[in-house]
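Since the structure comes first, as structure tokens, the remarks are kept for the end.
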Amino acid sequence: MKNKRLVMIPGPTPVTRPIQDQMGREVAAFGDPLFVNDYKELISDLKTMLKTEGEVFVVAGTGTMGMEMAVANTLKANDNLLIVSHGYFGDRFIEICQRKSLDVDVLASEWGKIVPVEEIEMKLKEKTYRALIVSHVDTSTGVRAPVEEIGKMVNQFEETLFIVDGVCATAGEAEYVDDMNIDVLFTGTQKAFGVPPGLAILWAGPKAMERRKSLGTIPEYYIDFDKWLPVMHDPSKYFATPAVNLVWALKESVSIIKKEGIENRYARHEKVARAMQKALESLGFTVLADPAYRATTLSNLVYPEGVDDAKFRSLLYDDGMIVAGGLGAYAGKMFRLGHMGNVDLHDLVAVMATIERALYKLGVKVELGKSVGVFMEEMLK
Ligand SMILES: *Cc1c(COP(=O)(O)O)cnc(C)c1O
């Protein structure tokens, strides 16, 4: 019997056939008017999608490049910066910013919890910060930051830009750039857009663009807003070769999102995530993130007593499914399951069943079908 391979890590996420087909197309010249037009439409749609009047940049690279691009274009050496870290990716920002000689202060939460908004506010009152950085969803903990609330609060600090890492959130978690007072937001294609890895997408509002202007020439070249802006306004212009097939693939993804409706997509993520989380809890797993701050794009599941991480994940792998391991202190104690983007309902039922089979083979007492039942019951509500 042949098993379909299920890629259930938090990115790359499953890529549906219409998006794959765009990757398989014969490449076009980047100056081909047909491609230029596709690129132009994509840029416009990406602004509409997140309801912003600001700028959008689509540049070949990964989410980490988006992190670097956000910082390089808005801050210079010795600027005060506040990083709120809810895990591994928040911590990655600390390293990026320290290398750029920024004056970094950090508010870090215990893994699974958030830094309360009042605490961020108090810190911002202590001195003038040129930016505040928060990951919307930290993939290492499955914690979702209250971005809307933080945006409201940060609005009172005129000097402070609000930078949001949306790599594990954008196109899955509710985000409206202008309404949420976000100055810079970025993601990578391989997470909730359901496109293969390779493009970073970055939204920048007027305050961020003003800041870029005030910096003059920056040390970075490839990720400089000023180099890309003319191309984003007129994609027939050349700065560096666009990733033609990825641009098409992303355009297909955006077209799928438009058909689904962004609000419906957010609601679907919410429903699926809560159903998955409840189903997995019924098998004895503990969701790491506090229920009030749980992401909808992935779940971080702490093993019940006696389940060996390596054995469990290798059983899943042999059965055709791959999930991610825990990071940091949770390595060996937890696994991470992505359920964002264009996931398929049939696949999700299979995911629950595959997890049950692995537990069963490990000798854990499971009532076969339990989590499948819980999942379906929740989805039918
Ligand atoms: C995946 C991820 C990143 C890094 O993205 P890459 O594409 O792997 O470079 C950054 N931040 C968050 C929150 C992520 O989930």
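Quick note: the coordinates plus some simple rules give every number you see, no bench work behind them. Since the structure is predicted, the reported quantities are computational estimates derived from the model, not experimental observations. So basically every Cβ, Gly included, is an ideal-geometry build from the backbone, and we count neighbours across all protein chains shown.
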Here D for the chain, in µm²/s, from Stokes-Einstein with a Kirkwood Rh over Cα pairs at 20 °C and 1.002 mPa s, works out to 100
Ranking Trp248, Cys168, Leu46 by how far each Cα lies towards the positive end of the charge dipole of the chain (+1 on Lys and Arg Cβ, -1 on Asp and Glu Cβ), the top one is Trp248
With +1 on the Cβ of every Lys and Arg and -1 on the Cβ of every Asp and Glu, the dipole magnitude of the chain about its Cα centre, in debye rounded to the nearest 20, is 840
Packing-ranked peptide list from 239-247, 134-142, 180-188, 195-203, highest mean Cβ count within 10 angstrom first, is 134-142, 180-188, 195-203, 239-247
Quick shape check on the stretch 61-214: root eigenvalues a ≥ b ≥ c of the Cα gyration tensor, a/c under 1.5 is rounded, otherwise prolate if a/b tops b/c, else oblate, and it reads rounded
Magnitude of the Cβ-charge dipole (Lys and Arg +1, Asp and Glu -1) of the stretch 243-290 about the Cα centre, nearest 20 debye, reported as 200
Taking alpha-carbon centroids only, the stretch 207-228 lies from the stretch 317-337 a number of Å equal to 39
So, for the Cα atoms of the stretch 253-298, Rg and Dmax in Å stand at 12.9, 39
Scoring the chain by relative contact order with C-alpha pairs under 8 Å, at least six apart, yields a percentage of 24
In this structure, among Lys113/Lys365; Lys76/Lys258; Lys40/Lys271; Lys191/Lys259, pairs with alpha-carbon gaps over 28 Å are Lys113/Lys365; Lys76/Lys258; Lys40/Lys271
A student asked for the Cα radius of gyration and Dmax of the stretch 169-211 in angstrom ought to give 11.4, 33
Residue-normalised 222 nm signal for the chain, counting each DSSP H run of n ≥ 4 as -39,500 (n - 2.57), nearest 500 deg cm²/dmol, is -13000 deg cm²/dmol
Using eta = 0.890 mPa s and T = 25 °C, Stokes-Einstein with Kirkwood Rh from Cα pairs puts D for the stretch 230-381, in µm² s⁻¹, at 141
Each label sits 7 Å from Cα toward the beta-carbon; between Glu158 and Glu270 the label points are separated, in nm, by 3.6
Taking a crude spin-label model, label points 7 Å out from Cα along the C-beta direction, the Tyr238 to Ser214 distance in nm is 3.6
